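One structure below.
The values are calculated or read from the model by the stated rules, or taken from the named source; none is laboratory data. Because the structure is predicted, anything quoted here is derived from the model rather than measured. Glycine gets a Cβ as well: all are built from the backbone with ideal geometry, and neighbour counts include every protein chain shown.
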Amino acid sequence: MNRIYLDNAATTPMSSEVLNEMMPYFTSAYGNSSSLHGFGREARAALDVARDRIAKGIGCDADEIYFTSGATESNNWAIYGIAYANRNKGSHIITSKIEHPSILKICQKLENEGFRVTYLDVDRQGFVRIDQLLHYIDADTILISIMAANNEVGTIQNLQAIANIAKEKGIIFHTDATQAIGAINLNVHEMGIDSLSMSAHKINGPKGIGALYVRKNVPIVPFVLGGEQESNMRAGTVNVPGIVGFGKAVEIATRDIITNSKKMRQLRDYFINEVQKNIDMVYLNGHPIQRLPNNVSLSFAMVEGESILMLLDSVGIAVSTGSACSSGALEHSHVLRAMQLPLDLAQGTVRFSLGKSTTKADLDYTVAELVKIVAKLRQMSPISRAQVGKMTGGDPKCTVKK
Amino acid sequence: MYSQKVINLFQHPENVGVLRGANGVGMVVDPVCGDTTKLYILIENDVIVDAKFKVFGCVASIAVAVALTNMIKGMSVKDAYNISDINILSDIDGLPTEKQHCAVLICECLDRAIQDYNKKMEKANDKN
């Protein structure tokens, strides 16, 4: 059976170029980068090269990069570390309703610890409301955290505008750029971004490694304690092979950004067009142009996303649902809810995320299978065309247990 | 995740569609996720002789609807009314914890279909 991977926003395959670069650091150059001997120095040198590559990739200095276990840790640390280090200046944080849970959960924790957090609304295309940002900034605001691009619907935020506002008001600006690295050009110094989270496995690098960039004069307290690694800012034996792979992945992603994003954008738009041409009542979520080159978030009227996912899986195609319904929580995707998508369409949302190796033939096969699957599920659906987009809530009487 | 039985029921669903001539119809909408199930039953001499369903919902919602409709065909109304989510869950080798309420909902849907049938019978009897 054909196997087609269209879930690159979840994770990506590691490129062989990256793997080759990493291999020696597992087997021969395995030293601890903190050790003084030759093995240690060898590892340390590799670490320095990787740090330089990443700094170059996002336009900052090497000593502004701290390695972490991934973007979740980076996000947790940025919010927590900046909030506590700046508590003497204020206790108000502004973020948005569509952030990744690794931002939202730490913000909720800080609320319990006496901080005040404002969660900005987004418009129907997923853009953070800049008018609200301006409205809610006050003398107590110490941190603004807005993601660069949304992982579910692909909308790329007006990052420069937000950075400008933060700079003008003297507020620290953090951005979660997990999905944006390698997709859009980011130069943190030029753009005035103070802090940025990133992850290796989204850009054909290894899993379990990420980084937090923090601009030099931005106060932040450490999050993981117990060692002098990463200039006393992030304890724990340094994941040298992971970092080497991460450095290479960033180098490749930024080197190939124009070719890759152009190719993916063309395939993305071809796919959206083909799906909408062959299946009626399919709606694109997020902005049609200002979106990640590899993200296609579609809502299929009258059918449910998880059912589409599982039927696609049965013919070898891997996608994910826009709603979290399948992944433990039954509540609808907080992103689609914030975008005010009707409940039934949120239910029918599927995310297709293209990768470097996705071909036109893969997408043609996917469209052909989708046509059959959606027809089959619509035949089964009690929702009529007239009811589409009208569902706002369920029947609360149904929770009665026998 | 899902049991093989659930996946099989989902991939090759039986009893899908509107049942022409049904004399009991029940519908439930999941309060959280909005999954909607509509169940049609045909009762003759206190026995469910046929059952069909339509579902707007996830893998679990579809699988429980197939399982329930298969289970109740040929069953007395009284026995069908006593089917619980536990019976459904054991029939399909269980569901992930967060999906177990689907089994509760399909039983509620059956109760509503039977109640609908009872109401219709009462009305018919009143007329007589």
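Name the strands (runs of 3 or more DSSP E) wholly within the stretch B:19-128 that hold at least 3 residues that are small (Gly, Ala, Ser), buried (at least 16 other Cβ atoms within 10 Å of the Cβ) and touching a helix residue (DSSP H, G or I) at 6+ places or on another chain (Cβ under 8 Å)?
Passing ranges: none, list empty.
Looking only at the stretch A:77-97, count every residue that is of a type outside the set (Gly, Ala, Ser) and buried (at least 21 other Cβ atoms within 10 Å of the Cβ) and tell me the total.
So the answer is 6.
Might you check whether a residue that is of a type outside the set (Phe, Trp, Tyr), within 22 Å of A:Lys216 (Cβ to Cβ), touching a residue at least 12 places away in the same chain (Cβ under 8 Å) and in contact with a helix residue (DSSP H, G or I) (Cβ under 8 Å, 6 or more places away or on another chain) occurs anywhere in the stretch A:123-138?
no
I'd like to know if the stretch A:1-23 contains one or more residues that are buried (at least 17 other Cβ atoms within 10 Å of the Cβ), under 29 Å from A:Ile193 (Cα atoms), in the same structural domain as A:Met191 (by TED's automatic domain parsing) and touching a Leu at 6+ places or on another chain (Cβ under 7 Å).
Within the stretch A:1-23, none of the residues are buried (at least 17 other Cβ atoms within 10 Å of the Cβ), under 29 Å from A:Ile193 (Cα atoms), in the same structural domain as A:Met191 (by TED's automatic domain parsing) and touching a Leu at 6+ places or on another chain (Cβ under 7 Å).
Quick check: anything in the stretch B:71-85 within 12 Å of chain A (Cβ to nearest Cβ) and closer than 23 Å to A:Asp313 by Cβ?
No, because not a single residue in the stretch B:71-85 is within 12 Å of chain A (Cβ to nearest Cβ) and closer than 23 Å to A:Asp313 by Cβ.
Say we look at the stretch A:255-283 and pick out the residues that are closer than 16 Å to A:Asn295 by Cα and not in a helix (DSSP H, G or I); which of these is nearest to the chain's Cα centre (by Cα)?
Among residues in the stretch A:255-283 that are closer than 16 Å to A:Asn295 by Cα and not in a helix (DSSP H, G or I), the one nearest to the chain's Cα centre (by Cα) is A:Tyr283.
If a residue has to be within 10 Å of chain A (Cβ to nearest Cβ) and touching a residue at least 40 places away in the same chain (Cβ under 8 Å) to count, how many in the stretch B:87-99 make the cut?
So the count comes out to 2.
I want to confirm something. Restricting to the stretch A:332-351 and keeping residues that are part of a loop (DSSP other than H, G, I, E, B) and either away from chain B (no Cβ under 13 Å) or buried (at least 24 other Cβ atoms within 10 Å of the Cβ) (or both), which single residue is modelled with the lowest pLDDT?
In this case the residue turns out to be A:Ser333.
Going by the structure shown, is A:Ile272 touching a Leu at 6+ places or on another chain (Cβ under 9 Å), under 26 Å from A:Ala148 (Cβ atoms) and either surrounded by fewer than 21 Cβ atoms within 10 Å (Cβ to Cβ) or not assigned by TED's automatic domain parsing to the domain that holds A:Leu341 (or both)?
Considered against the rule, which asks whether it is touching a Leu at 6+ places or on another chain (Cβ under 9 Å), under 26 Å from A:Ala148 (Cβ atoms) and either surrounded by fewer than 21 Cβ atoms within 10 Å (Cβ to Cβ) or not assigned by TED's automatic domain parsing to the domain that holds A:Leu341 (or both), A:Ile272 comes out as yes.
Applying the selection to the stretch B:42-91, what residues are in contact with an Asp or Glu (Cβ under 7 Å, 6 or more places away or on another chain), over 23 Å from A:Ile373 (Cα atoms) and among the aliphatic types (A, V, I, L, M)?
B:Leu42, B:Met71, B:Val77
Which of the residues belonging to the stretch A:33-68 are of a type in the set (S, T, N, Q) and buried (at least 19 other Cβ atoms within 10 Å of the Cβ)?
At the first step, the residues of the stretch A:33-68 found to be of a type in the set (S, T, N, Q) are A:33-35, A:68.
Correct list: A:Ser33, A:Thr68.
Of the conditions (1) at pLDDT below 95; (2) over 19 Å from B:Thr37 (Cβ atoms); (3) touching a helix residue (DSSP H, G or I) at 6+ places or on another chain (Cβ under 6 Å), A:Ser326 clears all except one; give me its number.
Of the numbered conditions (1) at pLDDT below 95; (2) over 19 Å from B:Thr37 (Cβ atoms); (3) touching a helix residue (DSSP H, G or I) at 6+ places or on another chain (Cβ under 6 Å), the odd one out for A:Ser326 is (2).
Checking the conditions here, which among A:Val250, A:Val275 is touching a strand residue (DSSP E or B) at 6+ places or on another chain (Cβ under 7 Å) and modelled with pLDDT of 95 or more?
Just one listed residue meets the conditions, A:Val275.
From the residues in the stretch A:381-399 that are β-branched (Val, Ile, Thr) and modelled with pLDDT of 85 or more, which one is surrounded by the most Cβ atoms within 10 Å (Cβ to Cβ)?
Ranking the qualifying residues of the stretch A:381-399, first place goes to A:Ile383.
Take the residues in the stretch B:1-30 that are under 12 Å from the mean Cα position of the chain (by Cα) and among the hydrophobic types (A, V, I, L, M, F, W, C), then tell me which one is farthest from the other protein chains (Cβ to nearest Cβ).
Residues of the stretch B:1-30 under 12 Å from the mean Cα position of the chain (by Cα): B:15-16, B:24-28.
Adding the requirement that they be among the hydrophobic types (A, V, I, L, M, F, W, C) leaves B:16, B:25, B:27-28.
Details: B:Val16: 5, B:Val25: 10, B:Met27: 7, B:Val28: 5 Å.
The residue in question is B:Val25.
With the requirement that a residue be away from chain A (no Cβ under 11 Å) and under 12 Å from the mean Cα position of the chain (by Cα), what does the stretch B:43-52 give you?
Hits for the stretch B:43-52 are B:Ile48, B:Asp50, B:Ala51.
For the stretch A:292-311, enumerate the residues that are assigned to a loop (DSSP other than H, G, I, E, B), in contact with a helix residue (DSSP H, G or I) (Cβ under 8 Å, 6 or more places away or on another chain) and over 21 Å from A:Val388 (Cα atoms).
Residues satisfying the conditions are A:Pro293, A:Asn294.
If B:Cys33 passes every condition in (1) over 17 Å from the mean Cα position of the chain (by Cα); (2) of a type outside the set (A, V, I, L, M); (3) at pLDDT 95 or above but one, which one does it miss?
(3)
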